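Enquirer: Dumping the structure here so I can ask a few things about it.
All of the numbers you see were taken from the coordinates with simple rules; none came from a lab. It should be emphasised that the depicted structure is a prediction, and the values quoted were computed from it without experimental measurement. Every residue, glycine as well, gets a Cβ built from its backbone with ideal geometry; the counts of neighbours run over all protein chains shown.
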DNA sequence: TAGATTGTTAATCGATTAACAATC
DNA sequence: TAGATTGTTAATCGATTAACAATC
């Protein structure tokens, strides 16, 4: 029952996965929840409970087989079945994301970016296209794309969001610092830089006095 | 007592602030928790409780004065007292962050970026410097910088992190997809793209079948 | 005054942690 | 067998929500 997985568990799974993948092949074959908990300063029971939602191959006294656990996590997180995505907004950030080829390892394939500015159209050094937004609808429906990435300025974010939803986008990764209004079946994940900064600055305020 | 504010409350405050700032000056002078709750699909009591941690100027029947609330939020979140920061890693992402001037409005001033690669040294179009890492220690201690941004590849992230801590950095904004080991008084905020992608892909898995 | 809205106290809900039996 | 480690059930903790008195 991989249905009702809690958001907090889901947020820790990729962290475990990253760590497991970073382990040298030559090191241990197996890893215990105690070890994992130690490296992340978490409770060991919490780790076990998290892992229980993706695997039941933990063995008492031995722990979890690292390579099977990696596979199970990748499977569960969907890193194996690649999802196509598009970007609207080919500014600095949009281009950085478009050119970054590290998303592939997380099962994300950015097909192209779109922009209204004619001057920005063309190809990135990596060979990805920046296309005029008037082609957006075409390409989106033809390729059945379900993930949209928003990297436009705040003012146009909601309009771009609506356009995405009209064209079948189901999950939105929003880098614009604003709240987006969407129907309940659409997921918006806000990459909220302001929030991140608030955490940093709050920490400093309490630790530098 | 702005001490024991919960992390979940702290994460919502910047969202309120952004929204309040986006309201046209000409619109309402006052806003109620009911309205705020409506636009963010939150409980109204939750909003009131959040706001209570930064303000006690809410008036029954009237609500909160928008402009005072903005000031109180900015104050609380530290957007007024600017914090200097440095970046290590002047790759594509590092440069995008360095060149982005929108952080200023959140009280973050990125002083410079550092890199080991001689070819990357110089100035950005915006006039910010990319400096050799051997100068890092100098500049950091001279300017008393407390925020470090990590945009190096995974392999060097821990080393860079250690170097930052040695030079007085207290809060780290980590874009490298890896866990960093730090002493308990140091804050690491992971900008975890893998986690974001996991949320998107999990949503799709459950909504496209 | 009546009604909308605040702020607070108590109840609920969900996630984390503790305790422990099962087992390799 | 003894000990380390898993998985699960019960207790605790914290955050959200409900109920309600205070007040402009």
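Enquirer: Please report the residue of chain A with the smallest beta-carbon distance to the A-to-B rotation axis, and give that distance in Å, no decimals.
Expert: Axis relating chain A to chain B; nearest Cβ residue and distance: A:96, 2.
Enquirer: If you split all Cα-Cα distances of segment A:121-172 into 10 Å bins from zero, what percentages do you get per bin, shortest first?
Expert: Values per bin, smallest distances first: 23, 51, 25, 0.
Enquirer: May I have the convex hull volume per residue, in Å³, for the Cα set of the protein assembly as shown?
Expert: Cα-based convex hull of the protein assembly as shown, divided per residue, equals 168 Å³.
Enquirer: Can you tell me, using C-alpha contacts under 8 Å and at least 6 residues apart, the relative contact order of chain A as a whole percent?
Expert: Over chain A, the number comes to 13 percent.
Enquirer: In µm²/s, what is D for chain B at 10 °C and 1.306 mPa s, where D = kT/(6 pi eta Rh) by Stokes-Einstein and Rh is the Kirkwood radius from Cα pairs?
Expert: 81
Enquirer: Please report the spacing between the Cα centers of segment B:49-78 and segment B:94-155 in Å, no decimals.
Expert: Rounded to whole Å, the Cα centres lie 34 Å apart.
Enquirer: Using a 10 angstrom cutoff on alpha carbons, build the Gaussian network for chain B and name the most mobile of B:105, B:46, B:158.
Expert: Maximum among the listed residues: B:46.
Enquirer: Now for a different question. Looking only at B:190, B:174, B:65, which one moves most when chain B is put into a Gaussian network model with springs between Cα atoms under 10 Å?
Expert: Its mean-square fluctuation being the largest, the pick is B:65.
Enquirer: Same structure again: Which shape class, rounded, prolate or oblate, goes with segment B:83-195 when its Cα gyration tensor gives a ≥ b ≥ c as root eigenvalues, a/c under 1.5 marks rounded, and past that a/b bigger than b/c marks prolate?
Expert: Rounded is the answer for segment B:83-195, as its axis ratio a/c remains below 1.5.
Enquirer: Could I have the simple spin-label model distance between residue B:109 and residue A:124, label points 7 Å from Cα toward Cβ, reported in nm to one decimal?
Expert: It works out to 3.2 nm between the two label points.
Enquirer: Now for a separate question. Relative to the other copies, what are the label-point distances for residue B:118, with labels 7 Å from Cα along the C-beta vector, expressed in nm at one decimal and sorted shortest first?
Expert: 4.4
Enquirer: Determine the relative contact order of segment B:83-195: mean sequence separation of Cα pairs under 8 Å and six or more apart, normalised by residue count, in whole percent.
Expert: For segment B:83-195, the relative contact order is 24 percent.
Enquirer: If you build a Gaussian network model of chain A, linking Cα atoms that sit under 10 Å apart, which residue out of A:107, A:58, A:168 swings the most?
Expert: In the Gaussian network model the winner is A:58.
Enquirer: Something else: May I ask you to derive the relative contact order of segment A:26-66, considering only C-alpha pairs under 8 Å and at least 6 residues apart, and to give it as an integer percent?
Expert: 54
Enquirer: Taking the DSSP beta bridges in chain A as the whole, what percent of them are antiparallel, to the nearest 5?
Expert: 20
Enquirer: Something else about it: Quickly work out the residue B:80-to-residue B:154 label distance, labels modelled 7 Å from Cα along the C-beta direction, and quote it in nm with one decimal.
Expert: It is 4.4 nm.
Enquirer: Rounded to the nearest 500, what is chain B's calculated 222 nm mean residue ellipticity when only DSSP H runs of at least 4 contribute -39500 (n - 2.57) each, over all residues?
Expert: Mean residue ellipticity, 222 nm, calculated: -13000 deg cm²/dmol.
Enquirer: Where both partners of a DSSP beta bridge lie in segment A:85-177, what percent of those bridges are antiparallel, to the nearest 5?
Expert: 10
Enquirer: How many nanometers, to one decimal and shortest first, lie between the label point of residue B:100 and those of its other copies, if labels sit 7 Å from Cα toward Cβ?
Expert: For residue B:100, the other copies' label points sit at 0.9 nm, shortest first.
Enquirer: To continue, here is another question. How high is the FRET efficiency between residue B:67 and residue A:71 when r is their beta carbon distance and R₀ equals 51 Å, given to the nearest 0.05?
Expert: 0.40
Enquirer: If you take every DSSP beta bridge whose two residues both sit in segment A:50-137, what share of them, in percent to the nearest 5, is antiparallel?
Expert: 25
Enquirer: In segment A:35-153, how does Rg compare with the Kirkwood Rh, expressed as the Rg/Rh ratio over alpha carbon atoms?
Expert: Ratio of gyration radius to Kirkwood radius: 1.17.
Enquirer: Return the FRET efficiency for the residue pair residue A:207, residue B:19: r is the Cβ-Cβ distance, R0 is 35 Å, and the value is rounded to the nearest 0.05.
Expert: Using R0 = 35 Å, I get an efficiency of 0.75.
Enquirer: Compute the label-point distances linking residue B:8 to its equivalents in the other copies; points lie 7 Å from Cα along Cα→Cβ; give nm, one decimal, shortest first.
Expert: Label-point distances to the other copies, shortest first: 0.8 nm.
Enquirer: For segment A:1-73, what is the convex hull (Cα atoms) projected area averaged across all directions, in square nanometres?
Expert: Value for segment A:1-73: 4.6 nm².
Enquirer: Label 7 Å along Cα→Cβ of residue B:8; segment A:163-196 residues with amide nitrogen under 17 Å?
Expert: Inside the label zone: nothing.
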